[in-house]
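A quick write-up on the structure given underneath.
The values are calculated or read from the model by the stated rules, or taken from the named source; none is laboratory data. Please read all numbers here as calculations on a predicted model, not as lab measurements. Glycine also receives a Cβ, built like all others from the backbone with ideal geometry; neighbour counts cover every protein chain displayed. Accessible surface is based on the protein model in full, side chains and every heavy atom, while ligands, DNA and RNA are left aside. Shrake-Rupley method; radii C 1.70, N 1.55, O 1.52, S 1.80 Å.
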Amino acid sequence: MLANPTPAQRADEREAAEAAFSTLDRGALLLPYQASAMARMRAGVSLLVIEKSRRIGLTWAVAAFAVMSAASQASAGGDNCWYMGYDMEMAREFIETCAMWARAFGIAAEQADQEVLADGDKEVLAFRIRFASGFKIVALPSVPRAIRGKQGKVLIDEAAFHKNIAETLKAAIALLMWGGQVIVWSTHDGVDNPFNVLIDDIRSGKKKGEVLTIDFDQAIKDGLYERIALVAKVKGKSVLPKGEWIDDIFDTYGDAADEELRCIPSAGSGSLIKPEDITAAEHEDCGRPELYMGGPCFGGRDVARRRDGAIIWNFEHIRQVLWLRDRYEKVGSSFADQDAFMDELFLIRRMLAMWIDQTGMGEKVVEDAIRRHGSRVVGKLLTGPTRLDLALSLADRFARGMIRIPPCPIIRADLRAIKRVGSEESGTIRIVNEGKVHADRFWSAALASRAADMPPALYRYQSVNGRASAAGGRDRDDDGPNRHRRGSRFGRGAY
């Protein structure tokens, strides 16, 4: 079970699962917890909310329900199904999973295609699959207005991670007055998240609906491990023995296992940076120093010596967007090695600013760096309001799509480690797990982001052969594209 599968890996999983289905009786295609969830859906519960463990295949069960609904005649309860994930890739994958189920069930369906929907004076691109019944399944973009005026069944996937889930739920539930059905399912993301608030409202009787819980233990009891082992066998692979495999899953999630696997929302109100914003910022060209284009750079350095990671991230500023170019990520490296990496950045990059965590052992690091590089080095004590200022700068940059990072599970985990506690008005944040997650990459990125927010300052640029130019200037002999594409010390590895 992959914790953060790529679209290619998901496609591989679907193909292997479809091959595995061919070896099973039709009645065994869904595992018991999936079949139980589908039974509640088919019972016509008007508002069904499912809190679930991560990566147990519930979306597959909902896709099977959508196929059976859209393929049925109106007299048998058939209807259109409108799916909403938090990004476009989820929409595409859901339609492809529906196509897989149609084949598995032997249901004729048109080939999946795209549909353009009217949204006032705009057009919205959606994915769809049609059936002989005349009904269809449409995967919509994650915006509340996309489902306004629709009729049928609304399916909202990973609701806790939608950018504006409160408005989306409001728009979806409004459809119930016309006899529709709303099915919402998600892993938790904090007690104050609107998804958990909806669950509390239903359980307390404030809102009419039904809540279903499917945690990891239930999924294991109902055969999740055996199904994963079967799919792996089809791919010619094997999995760890069951006990070791379960232990590995819990070790992977660590202190987050209660929320991610046991459906117990954390005390915080969720990640400061939303998952969909992180996904949108990921780009394969990041973390590749050889792609440096000669633009101005802003760096952030999180200082560490033994236990934690020493992180230096350097971003190139291109058309108002920060692109991560150079990465230094090591545990236990000497200050001399860290300094050498940073010093080379000042030699071969147009460094406008390098902001460094000056807290604790960072005091001497900052003093020495200022002596070598002058005012382009700025030390920041990461305490109180400064941490809030840095964190909000980075969160805002992600929300506005003004930053690019490599697609990497370790980076995602660091970026999501910073949680917001309290109200939006206070903007209070903290590190989850009482300091056990240090989020080194988050703070390096935040330092660089805040540095890029500052007005530019004049400095004198010294090229490698000693010729000087003003800030932003280019030395024709030594500042060409070949020199800027050097990358001898700039690795892409991560600890």
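Spin-label point model (7 Å from Cα, Cβ direction): what's the residue 318 to residue 110 distance in nm? Going from the residue 318 label point to the residue 110 one covers 3.9 nm.
At full extension, residue 250 and residue 170 could sit 25.3 nm farther apart than now, given 0.36 nm per residue minus the alpha carbon distance.
Solvent-accessible surface of the range 1-87, taken per residue with a 1.4 Å probe and all protein chains present: 39 Å². Using a probe radius of 1.4 angstrom, the carbon and sulfur fraction of the accessible surface of the range 174-324 is 51%. Share of carbon and sulfur in the accessible area of the range 60-169 stands at 47%, probe radius 1.4 Å. Going by accessible surface with a 1.4 Å probe and the largest first, 323, 443 read 323, 443. Rolled with a 1.4 Å probe across the full set of protein chains, the surface gives residue 226 an accessible area near 90 Å². Spacing of the modelled spin labels on residue 339 and residue 283, each 7 Å from Cα toward Cβ, amounts to 3.4 nm. Accessible surface calculations at 1.4 Å, restricted to protein heavy atoms, place the range 171-294 at 46 Å² per residue.
Of the trypsin sites (Lys or Arg not before Pro) in the range 331-400, the ones in a loop by DSSP (not H, G, I, E or B) with at most 13 other beta carbons within 10 Å are 400. For the set 326, 12, the ranking by accessible area, highest first and with no ligand, DNA or RNA atoms included, is 12, 326 under a 1.4 Å probe.
Surface composition of the range 344-414: carbon plus sulfur atoms contribute 60% of the solvent-accessible area (1.4 Å probe, protein chains only, all chains present). Ligands, DNA and RNA excluded, the heavy atoms of residue 277 present near 20 Å² of accessible surface to a 1.4 Å solvent probe. Put a plus charge on the Cβ of each Lys and Arg, a minus charge on the Cβ of each Asp and Glu, and nothing anywhere else: the dipole of the range 263-416 about its Cα centre is then about 180 debye.
With a 1.4 Å probe rolled over the protein heavy atoms of all chains, the accessible area of 266, 69 falls in the order 266, 69, largest first.
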